[in-house]
Amino acid sequence: MSYTALYRKFRPVSFEDVKGQDHIVTTLKNQLKAGRIGHAYLFCGTRGTGKTTVAKILARAVNCEHPKDGSPCNECDTCKGILSGTSTNVIEIDAASNNGVDNIREIREEVSYRPTQGKYKVYIIDEVHMLSTGAFNALLKTLEEPPEYVIFILATTEVNKIPVTILSRCQRYNFHRISIDTISARVKELLDKEGVQAEDRAIRYIAKAADGSMRDALSLTDQCIAFYLGQELTYDRVLDVLGTVDTEVFSRMLREVIKGDAAACLRLLGDLVRDGKEMGQFVSDFTWYLRNLMLLKSSEDLEDVLDVSTENLKQLKEESRLIDDDMLFRYIRIFSDLSGRIRFATQKQILVETELIRLCRPQMDTDLSGVLDRIRVLEEKTEKTDDRLSALLEAGTVPRTAPAGSTGSGSSGLFSSADGRMASPGGDSDPKREQKAVMAA
């Protein structure tokens, strides 16, 4: 028997197995138990959040001969027929390839025939936003007043493309992005069933990389298992497979940027390229790293939102003291713009290198944030000069008062210059020459 991908092998078959969509599962189960079943549903949300899965469970539940607390039993002949794909009561349509008026006319002709088995004939139209304008118009009347034995379940990832006339005829359910904790628990559960050892840190990173999609998380897990077949999935191995970068590298990169060392940044980036890291992923992850830093600087109460380890949280707190808010916002804005442009760039490394140099060289920017960053650099240099001057005064290298025997009034406020002449803060001294003398001392 051929291998089945994890997301297909462990696809939920009852409402209890659906993770992260409790608000939808509870509503549908209550409708089924009360007999208040709608004639048209619209499931919308990002990819991999369970829209098609819940649609199939609902299709079995309305036709199940022995439902259990609103969920299908998956044991009766009707449920088995739908699960195996042999039932004519459930019709799945891909609107991306069947988006014409003729396809909708076929549906309008078919709905006139009652189901051969069970109570309802269910039409699941996936990616419904791909239907043409004419197809939507052809569907309107049937969707508004279908036969009592017909249920339409529309699924889409882009609800903004659905005409208002369609939206007003459906019960709309918004599928949320699944939390990292929920995805991590599910992945760990399935890995235990598969007999695969994995570090908790590795599982959480897979969950984070999935970006709220359970299907993406299982696909990434499948990829990691295949690469390290028969071995434990460690954090470093997951990073290696996914082509991503450890947070320690982001910390080093940020510190070099703050220091303005463009050469060190480019050397660090070159090491990542030689290790086979993907530039688009690096930009996305570094932007996320800066975002965590911004939240930590904004409020101490947001630590639970960061979703980072205790070790990384300590590191972020140290770096939050090294960077100003305005400078951090400038970094985030530059890398956010870069993440949108790098997708279509042919020379991604050059693009990233240019932006890193731009971060290290605020004088390259003529906008307000660049000017503020340049002022910050000047202020830091001035503070260092003042500190050095104070240290020299305390050490006695530069006398605080004029030598004995000197003439002139107000000598207590005089400083000795490098060539032995007296200079007064309020006199005709040259500030640049005095600063050079202090630095030389």
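The values are calculated or read from the model by the stated rules, or taken from the named source; none is laboratory data. The structure presented is a predicted model; accordingly, all values stated were derived computationally and were not measured. Counting neighbours? That spans all protein chains shown, and the Cβs are built from the backbone with ideal geometry, glycine included.
Couple of notes before you dig in:
- Boolean, residue 241 is crowded, with 21+ Cβ neighbours inside 10 Å, part of a helix (DSSP H, G or I) and touching a helix residue (DSSP H, G or I) at 6+ places or on another chain (Cβ under 8 Å): no
- For segment 29-44, filtering for residues that are under 20 Å from residue 126 (Cβ atoms) and in contact with a helix residue (DSSP H, G or I) (Cβ under 6 Å, 6 or more places away or on another chain) leaves 3.
- Test: residue in segment 14-25 that is hydroxyl-bearing (Ser, Thr, Tyr), outside any helix (DSSP H, G or I) and crowded, with 22+ Cβ neighbours inside 10 Å: no
- Within segment 228-238, the set of residues being surrounded by 14 or more Cβ atoms within 10 Å (Cβ to Cβ) and not in a loop (DSSP other than H, G, I, E, B) comprises 233, 235, 237, 238.
- Count of residues meeting criterion [under 22 Å from the mean Cα position of the chain (by Cα) and either in a helix (DSSP H, G or I) or aromatic (Phe, Trp, Tyr) (or both)] in segment 244-272: 10
- Residue match in segment 197-214 (condition: touching a residue at least 40 places away in the same chain (Cβ under 8 Å), surrounded by fewer than 17 Cβ atoms within 10 Å (Cβ to Cβ), of a type outside the set (Ser, Thr, Tyr) and in a helix (DSSP H, G or I)): yes
- Qualifying residue in segment 415-433 (condition: on the phi > 0 side of the Ramachandran plot, out of contact with any strand residue (DSSP E or B) (no Cβ under 6 Å at 6 or more places or on another chain) and at pLDDT below 75): yes
- Counted residues, segment 1-56 - those being out of contact with any strand residue (DSSP E or B) (no Cβ under 9 Å at 6 or more places or on another chain), in contact (Cβ under 8 Å) with a residue 40 or more places away in the chain and on the phi > 0 side of the Ramachandran plot: 1
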